[in-house]
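The values are calculated or read from the model by the stated rules, or taken from the named source; none is laboratory data. This structure is a prediction, so every number in the text was calculated from the model and none was measured. Heads up, the Cβs are rebuilt from the backbone with ideal geometry, glycines too, and the neighbour counts pull from every protein chain shown. Surface areas here come from the heavy atoms of the whole protein model, side chains and all, with no ligands, DNA or RNA. Shrake-Rupley method; radii C 1.70, N 1.55, O 1.52, S 1.80 Å.
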Amino acid sequence: MSTRFMVSNEQEHAAGIEAARAALSAQRCIVLPTDTVYGIGADAFSAQGVAMLLAAKGRSRTMPPPVLIAQSATMDGLARDIPDEARKLAEAFWPGGLTLILQAQPSLTWDLGETRGTVALRVPNDQTALELLAATGPLAVSSANRTGNPAATSADEAVAQLGESVDVYLDGGSRAAQDDAETLPSTIVDCTGTRLKVVRAGAISIEELRVVVPAILDLGQDDSGQGA
């Protein structure tokens, strides 16, 4: 049976973090708030946990989940050949709504799915998420929804879609944007090519990214900078 904790409540917060940590250690899935939308998470180094995450979402191994980390310093332990421009983006926008696709360290003993040797990393700007990540280490985290449905912006929405496939729900309140604006997922930037390229638009705009990396390619642009 799933357990739900109101992590905005001081008494439930510590119990929720501990319950989530225990579930992750048991190779089970949890739901946690982030600074963008709610995420379903598993221990990034647990093949069973990641498989359960993908099954809960109805997603195949061809769509591996990103990995959340507690601090940018962890990036070097998980990725190799990190471009200087990627480091500049991490410095500017982490913690925050930016995911960087990098070449994964080949020595890592994990199975996130068919990653083709890459890993997508992000440091979320949410205190509950960061506290949990500090206690557990890297977590494979994808939006808390069934594939094809809108991402959950509240614990209620996550429960409605994922139900008993998740052991622990950490309820941090609504992540819906103010003034009825759309709540955006993180912006994803592929840092594995000759030039950095946005592959999913999201919380960080291309204009903001180009302040830091002027040559970054937007969606639909090829390496020449022209529309594809």
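Suppose the filter is basic (Lys, Arg), in contact (Cβ under 8 Å) with a residue 40 or more places away in the chain and farther than 18 Å from Ala152 by Cβ; does Lys57 pass it? Don't jump to the end; show me each part of the working.
Numbers: basic (Lys, Arg): yes; in contact (Cβ under 8 Å) with a residue 40 or more places away in the chain: yes; farther than 18 Å from Ala152 by Cβ: no.
Answer is no for this residue.
In segment 161-186, which residue that is among the polar types (S, T, N, Q) and farther than 13 Å from Val37 by Cβ is modelled with the highest pLDDT? If you could, list the steps in order and put the result at the bottom.
As a first pass, look at segment 161-186 and keep what is among the polar types (S, T, N, Q): 161, 165, 174, 178, 183, 186.
Narrowing further to those that are farther than 13 Å from Val37 by Cβ: 165, 178.
Numbers: Ser165: 97, Gln178: 49.
Result: Ser165.
For residues that are over 15 Å from the mean Cα position of the chain (by Cα) and either open to solvent by less than 10 Å² (accessible area, probe 1.4 Å) or more than 20 Å from Val123 (Cβ to Cβ) (or both), tally how many sit in segment 19-48.
Total meeting the criteria: 12.
State all residues of segment 199-225 that are open to solvent by 30 Å² or more (accessible area, probe 1.4 Å), out of contact with any helix residue (DSSP H, G or I) (no Cβ under 6 Å at 6 or more places or on another chain) and under 22 Å from Met63 (Cα atoms); if no residue qualifies, say none. Break it down into steps so the answer makes sense when it comes.
From segment 199-225, those open to solvent by 30 Å² or more (accessible area, probe 1.4 Å) are 199-201, 203, 205, 207-208, 210-212, 214-215, 218-224; that's our starting set.
Narrowing further to those that are out of contact with any helix residue (DSSP H, G or I) (no Cβ under 6 Å at 6 or more places or on another chain): 199-201, 203, 205, 207-208, 210-211, 214-215, 219-224.
Once the filter is applied, which keeps residues that are open to solvent by 30 Å² or more (accessible area, probe 1.4 Å), out of contact with any helix residue (DSSP H, G or I) (no Cβ under 6 Å at 6 or more places or on another chain) and under 22 Å from Met63 (Cα atoms), segment 199-225 yields Val199, Arg200, Ala201, Ala203, Leu219, Gly220.
Being of a type in the set (D, E, K, R) and more than 21 Å from Cys29 (Cα to Cα) is the requirement here; does Arg122 meet it?
Numbers: of a type in the set (D, E, K, R): yes; more than 21 Å from Cys29 (Cα to Cα): no.
In short, no.
Take the residues of segment 7-32 that are in contact with a strand residue (DSSP E or B) (Cβ under 7 Å, 6 or more places away or on another chain) and in a helix (DSSP H, G or I): which is farthest from Leu132 (Cα to Cα)? Before the answer, list the steps.
First, the residues of segment 7-32 that are in contact with a strand residue (DSSP E or B) (Cβ under 7 Å, 6 or more places away or on another chain): 7, 12, 15-16, 19-20, 23-24, 27, 29-32.
Right, trim to in a helix (DSSP H, G or I) and you get 12, 15-16, 19-20, 23-24.
Working: Glu12: 14, Ala15: 12, Gly16: 10, Ala19: 10, Ala20: 8, Ala23: 12, Leu24: 10 Å.
Top of the filtered list is Glu12.
Can you tell me which residues in segment 57-67 are open to solvent by 10 Å² or more (accessible area, probe 1.4 Å) and of a type outside the set (D, E, K, R)?
Applying the first criterion (open to solvent by 10 Å² or more (accessible area, probe 1.4 Å)) to segment 57-67 yields 58-64, 66.
Of everything in segment 57-67, those that are open to solvent by 10 Å² or more (accessible area, probe 1.4 Å) and of a type outside the set (D, E, K, R) turn out to be Gly58, Ser60, Thr62, Met63, Pro64, Pro66.
Open to solvent by 10 Å² or more (accessible area, probe 1.4 Å), under 18 Å from Ala44 (Cβ atoms) and at pLDDT 95 or above: is that true of Ala140 in this structure?
Details: open to solvent by 10 Å² or more (accessible area, probe 1.4 Å): no; under 18 Å from Ala44 (Cβ atoms): yes; at pLDDT 95 or above: yes.
No, not satisfied.
Condition test on Val211, is it under 30 Å from Val7 (Cβ atoms), modelled with pLDDT of 95 or more and out of contact with any Pro (no Cβ under 6 Å at 6 or more places or on another chain)? Steps first, please.
Working: under 30 Å from Val7 (Cβ atoms): no; modelled with pLDDT of 95 or more: yes; out of contact with any Pro (no Cβ under 6 Å at 6 or more places or on another chain): yes.
No: the conditions fail for Val211.
Looking at Gly173 and the list (1) in a loop (DSSP other than H, G, I, E, B); (2) closer than 18 Å to Phe93 by Cβ, which single condition is not satisfied?
Single failed check for Gly173: (2).
Which condition from (1) within 25 Å of Gly202 (Cβ to Cβ); (2) not in a loop (DSSP other than H, G, I, E, B) is the one that Asp35 breaks?
(2)
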